[in-house]
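The structure appears below as structure tokens.
The values are calculated or read from the model by the stated rules, or taken from the named source; none is laboratory data. Just so it is clear, the structure is predicted and the values come from calculations on it, not from any experiment. No Cβ is skipped: glycine too gets one built from the backbone with ideal geometry, and neighbour counts run over all protein chains shown. Side chains are part of the model used for accessible areas, which takes the heavy atoms of the whole protein and leaves out ligands, DNA and RNA. Shrake-Rupley method; radii C 1.70, N 1.55, O 1.52, S 1.80 Å.
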Amino acid sequence: MNYTNANTLLHSVCQYYYENKLAIDHQYISKICHQVKDYSVISFDIFDTILTRLFECPIDVFSYVEKLLYEQKIFLDNFAINRVKAEEEARICASQQEFREEITVDDIYNQLAIIYPCKEKELIQARELEFTVEMQCIVPSVDNQTLIRKLKELGKKIIFVSDIYLSKKFIAKLLKDKNFTEYDELYVSAELMQTKHSGRIWQTVIKNNPNQKILHIGDNIHADVIQPKKSGIDTYHYTRLLGERRIGAQLSTNLIPFSLMSKMNYLYSNINIEEKDKEVSFWTNLGITLGGMLLQSFTSWLSEEIIKNKIEHIYFCARDAQIIYNIWNILNYDNKCNTKSSYLYLSRKVLRLPVCHIELNNYNKLSESSLSFLVNESIRHTDTYRTYFKRLNIDLNYITKTSFNKKFGTLDSEVNFNKLNELKSFLQKELLPVLKPYFYEHYKNTLAYCQQEGLFDLSKKIAIVDIGWGGTIQMAIEDLRTHMNVPNKLYGYYYGLLNQNAVGKLYKSGPMKSAFFNIFWGPEEQFLHLNSVVILENLHSANHETTIGFTKNGETNRYEPIFKEDKNQNHLKYFNKKIINFQKGIFHSISKWQKNENVYGITKEWIKCEYATAAIAQICISPNSNEQLYLGSIRHSALYDHSYFSRLIELSIPQNQQAVRKLIHQSEWPCGLLSYWKQHKSEFKKGLYQTIQEHFNYNYYPSLIKTFLMR
């Protein structure tokens, strides 16, 4: 973060919070005031009940501290990650060696001293910064501030009970600073070495309040509901500030803007939203936060690349780049970059099939790349040969005149994935005569469309924009341009490029650059790419179906796209239920930044590609419950013809090892699936959940994330 001081960012967000008061949940307050008539003592949890941090997850505070340390030239590498590990180690030591159920800040920093030997001065500074940041980033709950005042007016005794490693002295100071002074008793686990989690602290509360009826209000279902009930204390589960832990971005300092933006968006969301509106709210809020960051940062990055390389015409490729094209126009980047842009109705099918024709015309055979497209990329598990050949528009009567039955069995047999190479050979040797006319028809119409749109213009420097990931669209267009004797190379700008696919195409197909995912990342970073590709593709879905061909309009004399039939308007319904609301959220944030306004105190200077990458990681690597539910409901098709769709997360729990292996193998979102299974592990048959570790490939997952997924 080189753009402005991190303190400035947090100050701006805090200022927004205090200047734009949250709506008070009067329904909740009235309910509690009515309910407490028979209670003399009202107890409150502290964190995420009467106070909350402005960071989405409490551990994000450590990333912020790490940023401040760096700005002050105090060098403790990977402080945030090590701070989490030190706390975990301190808890293990306290429990196993000293039989304590709670730890203190001293315990944590003693562990950090082992990690950072000879850094005593720096650790003292880090500790003080941590205290300062906690004081700065914590804000009061407007609901419970109002409620406590009313309860005191009703003559109720107010006590606060917290499980926290911070000292009672610090918590008292924090409460005073946040204007919580009307309380009678304060119980802090680090002071008593008793916790709500174990339930022992409630015995002390009861001892100090003999013969009193107590109601406890808190956010944690185990510590604030289940355990106090065991001690005879009634409870109320307060969920407005309820959060979930994430570690998706590996506690990078780059996650700070998204963490703040996400928490603020959560705080300012509708407090009493009806069940039927929850999904609309989810997609809109995701657009405001993740979507806004993605589109603002990408289009800004893209504009810099366009100016630097003097691109004269930019083609935004259907369908993934439709929303990017819309934002590009809203922000008037054509004028700012002295370029022109247009939307190109292309797809894998209408580009790759003409390339097949060119190969047959030039070499009388298909390349390995084309064969892989026609076979490996065109078959899904459970497909029959009949389904597959229909997908390629092959006359099934022709198949009976070949050696198919001898090689593969009946047309209604499931495709044998162990024989894909044999299928390629069969296609190459026996099916080309029937495929040639099919390829030629696509070649003729696609070339005419591309010619019409200016893709073969010799005089212009042009570029395409797409999400990515293998550079295959650029490669196919470049093959067509080479066929049409266009000498200059095409530029390609992407969200990301998969290194195993794109590296060899960098020079053959023209310059390729990506904004969010580094093409030369090592194996540990590739897990982010693996878990985000399908989600990003679906979030960038367009308001039209995939292009399956082109036809000439007799009236305009122009070639127009032919779209796959949208049976029963399934795609349109999907788009209107999910994606259009996601896009509305994007437009909300972009319009504010366009007018140089802030979004929850965050200005556009903080919306950069590296921060958007961290935001992607937060959601795709460690999704919260709502993200599992709604992103998991995305129906994705890996096939170019979009003939079959499956959910990213199947809700049914596998009942045997075979089902576990199958779901893991087929999963397009491994971390989402594992997070969902983790939440529902009590529903697995005995011993089955443990087998997941045996079948899931963790080799390239960072240790912190590996632990998070399986703990």
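Odds and ends about this structure:
- Those helices (runs of 4 or more DSSP H) lying entirely in region 1-107 with at least 3 residues small (Gly, Ala, Ser): 79-97
- Residues of region 108-124 satisfying the condition of being surrounded by fewer than 16 Cβ atoms within 10 Å (Cβ to Cβ) and assigned to a helix (DSSP H, G or I): Ala113, Ile114, Glu120, Lys121, Ile124
- The sole residue among Ile247, Ile221, Ile233 that is under 16 Å from Pro58 (Cα atoms) and of a type in the set (Val, Ile, Thr) is Ile247.
- Any hit, region 218-232, residues being under 17 Å from Asp48 (Cβ atoms), part of a strand (DSSP E or B), touching a helix residue (DSSP H, G or I) at 6+ places or on another chain (Cβ under 6 Å) and not hydroxyl-bearing (Ser, Thr, Tyr): yes
- Among residues of region 1-19 that are at pLDDT 95 or above and among the aromatic types (Phe, Trp, Tyr), those with a beta-carbon under 8 Å from a residue that is surrounded by 13 or more Cβ atoms within 10 Å (Cβ to Cβ) and assigned to a loop (DSSP other than H, G, I, E, B) at least six positions away or on a different chain give the pairs Tyr16/Asn598; Tyr16/Tyr600; Tyr16/Gly601; Tyr17/Leu54; Tyr17/Gly601.
- Positions within region 299-346 being open to solvent by less than 20 Å² (accessible area, probe 1.4 Å) and more than 30 Å from Gly549 (Cβ to Cβ), in sequence order: Thr299, Ser303, Glu305, Ile306, Leu331, Cys337
- Condition check for Leu251: part of a helix (DSSP H, G or I) and within 16 Å of the chain's Cα centre (by Cα): no
- Residue check, Ile233 under 30 Å from Ile586 (Cα atoms) and open to solvent by less than 60 Å² (accessible area, probe 1.4 Å): no
- Region 201-218, residues that are under 26 Å from Asp107 (Cβ atoms) and open to solvent by less than 20 Å² (accessible area, probe 1.4 Å): Ile201, Trp202, Val205, Gly218
- Residues in region 601-633 that are open to solvent by less than 30 Å² (accessible area, probe 1.4 Å) and more than 13 Å from the chain's Cα centre (by Cα) were compared, and the one that is farthest from Ser303 (Cα to Cα) is Ser633.
- Residue list for region 1-60, restricted to those being charged (D, E, K, R) and within 33 Å of the chain's Cα centre (by Cα): Glu19, Lys21, Asp25, Asp45, Asp48, Arg53, Glu56, Asp60
- Residues (touching a Phe, Trp or Tyr at 6+ places or on another chain (Cβ under 7 Å) and over 21 Å from Asn376 (Cβ atoms)) located in region 339-353: Ser341, Ser342, Tyr343, Leu344
Results for (1) touching a residue at least 60 places away in the same chain (Cβ under 8 Å); (2) more than 16 Å from Ile81 (Cα to Cα), shown as yes or no for each residue.
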| residue | (1), (2) |
| --- | --- |
| Glu102 | yes, yes |
| Ile108 | no, no |
| Ala113 | no, no |
| Tyr116 | no, no |
| Glu120 | no, yes |
| Gln125 | no, yes |
| Thr132 | no, yes |
| Met135 | no, yes |
| Ile138 | yes, yes |
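- Residue match in region 191-200 (condition: touching a Lys or Arg at 6+ places or on another chain (Cβ under 8 Å), assigned to a helix (DSSP H, G or I) and crowded, with 23+ Cβ neighbours inside 10 Å): no
- Complete set of residues in region 481-512 that are modelled with pLDDT of 90 or more, assigned to a helix (DSSP H, G or I) and surrounded by 22 or more Cβ atoms within 10 Å (Cβ to Cβ): Arg481
- Count of residues meeting criterion [surrounded by 16 or more Cβ atoms within 10 Å (Cβ to Cβ), part of a loop (DSSP other than H, G, I, E, B) and under 33 Å from the mean Cα position of the chain (by Cα)] in region 381-392: 1
- Test: Val188 is crowded, with 22+ Cβ neighbours inside 10 Å, within 30 Å of Lys67 (Cα to Cα) and more than 20 Å from the chain's Cα centre (by Cα): yes
- In a residue-by-residue description of region 18-30, the property of being of a type in the set (S, T, N, Q), at positive phi and open to solvent by 60 Å² or more (accessible area, probe 1.4 Å) applies to no position.
- Test: residue in region 540-549 that is assigned to a helix (DSSP H, G or I) and at pLDDT 90 or above: no
- Any hit, region 257-269, residues being in contact (Cβ under 8 Å) with a residue 12 or more places away in the chain, among the small types (Gly, Ala, Ser) and buried (at least 24 other Cβ atoms within 10 Å of the Cβ): yes
- Yes/no for Asn361 being farther than 19 Å from Lys461 by Cα, open to solvent by 10 Å² or more (accessible area, probe 1.4 Å) and without any contact (Cβ under 8 Å) to a residue 12 or more places away in the chain: yes
- Residue count for region 423-450 under the criterion of being over 12 Å from Pro354 (Cβ atoms) and either open to solvent by less than 40 Å² (accessible area, probe 1.4 Å) or among the polar types (S, T, N, Q) (or both): the result is 10.
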